[in-house]
Structure formats: structure tokens, C-alpha cells
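Note sheet for the following structure.
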Amino acid sequence: MLSNKVKETNCTQLFKAAYENRYTWESDFSGYEGRCSWTDGNKEIKGTFSLGKDLKATVNNIDDEQIKKAISSQLWEVAIHRVRRSFEQTHGKNTFTFGDTNEIGSEIIVGGKNEGDKYRVKNNVVTMVHRHIHGNLIVILTKDVTHTGNGYLSKSYSSQYLDPTSKQDVKGKSFYKDDFILLFKGGPWVLASRSIHQESLEGTILNKQTFSFSELKSLGSSLEQSI
């Protein structure tokens, strides 16, 4: 029979392997630019954008400030998750123990600094994130991923904000579908499109929007092939 210490070590190794299997950009990421568009199915708004190596997004040729901010927000949100931080940097003050196992994966219960957080892991992928962030409890469930050959990217997933005390839904689920492409041979994978739809607490679709990014090219060397 395995001791608690061995179980904890096995749990940490399982979670660390999945954490390190997430796709992140290399430290020499130089940024990229291209065309962008937003649509809700009724109207479409087009513009241009650039994302610098500092991960700051700039959207141009769009007058609607709300849409401009929405496009910039999606670019930043994707980019910030591509930053490589070691497991020790992120989770060095946490401990991990196994919970139950279901169709979503093996439950990882967090102790230490981030006590109260939970994850699930299946097939070397973090399939559930259950984290307390800025006074909210956010639950992310990943259903499908893109395998890049150098780590995975979430492709189909949902996010839900819950009241941390009552665990009641705050504003309904959001469902995401992301498509990524290789910026150039040997270069970074970047977002080509993101579709988001929200459901009410009763399950009715409230809205749907799609962000698209095309004619993408690196802000780095001119020798790099753009697509």
C-alpha cells in the first residue's frame, strides 16, 4: 500500500507533467500583426492589429471602441497564457493530493498557498481548472485540444464564474472554440479564430461572436515566412 508521501509525489508528478505539456511561446517571441475582424452574425467589423513581443495588442482602423477593446482583449488573453513559467514558479508553494476520478480526469486537490483550488488531468492534459481569482471562483472545462507537437492548446472549452461561497452560477457559462495556426515554419502557434457564445442561467444562448485573424506575419525577421 502506497504511503501518503508517495501518493503526494505521484500526484505532483502527474500534474507537473500536464502543466509542462501546455503549449507556450519561446523566449525569443517577436510579436506579429495582421488583419482582424469581429462578427455577431448580423454585422461584421474589420480592422488591423499588431501584438508586440511585450504582449501588448494594438487594434487599428476600427472606430467602435467596444469592438476594438474586445479584439484587443482576446489577443491579450491568448498571449498571456503563452508565457512560459516554470512549474516551481507557479506552484512551488502548493501541495497536491489525489481526489476522485471521473470521465473528466483525475482530481488534483491543491493545498498550501492556493488551498481550495482544484484541477483535473486526463491524458497529460489539464481538463479542469477550478480556481479562486479576484474574489470569484472560475471553473474551466476543456473538451478538446490542438496538439502542436510541442505541447497542447485548448480548442473547445467552457468557462463559468461561480460565487465562491454559495457555488451558485454568477452569469452563465461561456463556450469557446479556438483555432490556431503556425505563424511560419518553426515559429509560434497563434490564434486564427475564436468563437464565443454565452448561455443564460436557463441554458438559452444569449449572444455569439467570432473573432478572426488573417494575413498574419511576424514582426521579427523578414526572412520568416508569413501566412
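Listed by position, the strands (runs of 3 or more DSSP E) inside region 1-117 whose residues that are without any contact (Cβ under 8 Å) to a residue 40 or more places away in the chain number at least 1 are 44-52, 57-60, 94-102, 105-112. Look at D178 and say whether it is loosely packed, with under 15 Cβ neighbours inside 10 Å and either within 12 Å of the chain's Cα centre (by Cα) or among the charged types (D, E, K, R) (or both). It is false that D178 is loosely packed, with under 15 Cβ neighbours inside 10 Å and either within 12 Å of the chain's Cα centre (by Cα) or among the charged types (D, E, K, R) (or both). Considered as a group, the residues in region 170-205 that are assigned to a loop (DSSP other than H, G, I, E, B) and of a type in the set (S, T, Y) include one that is nearest to V83 (Cα to Cα), and that residue is S200. Return yes or no: is S195 surrounded by 15 or more Cβ atoms within 10 Å (Cβ to Cβ) and within 22 Å of V59 (Cα to Cα)? Yes, satisfied. Among all positions in region 132-147, there is no residue which is assigned to a strand (DSSP E or B), without any contact (Cβ under 8 Å) to a residue 12 or more places away in the chain, closer than 21 Å to N4 by Cα and not β-branched (V, I, T). With the structure loaded, tell me whether G41 is surrounded by fewer than 17 Cβ atoms within 10 Å (Cβ to Cβ) and more than 30 Å from N124 (Cβ to Cβ) or whether it fails that test. So G41 passes the test.
Only one residue in S193, S214 is polar (S, T, N, Q) and touching a residue at least 40 places away in the same chain (Cβ under 8 Å), so which one is that?
S214
Tell me, please, whether a residue that is acidic (D, E) and modelled with pLDDT of 90 or more can be found in region 186-199. No, the conditions are met nowhere in region 186-199.
The values are calculated or read from the model by the stated rules, or taken from the named source; none is laboratory data. As the structure is a prediction and not an experimental result, all values here were calculated from the model. We place every Cβ from the backbone using ideal geometry, glycine too, and count neighbours over all the protein chains shown.
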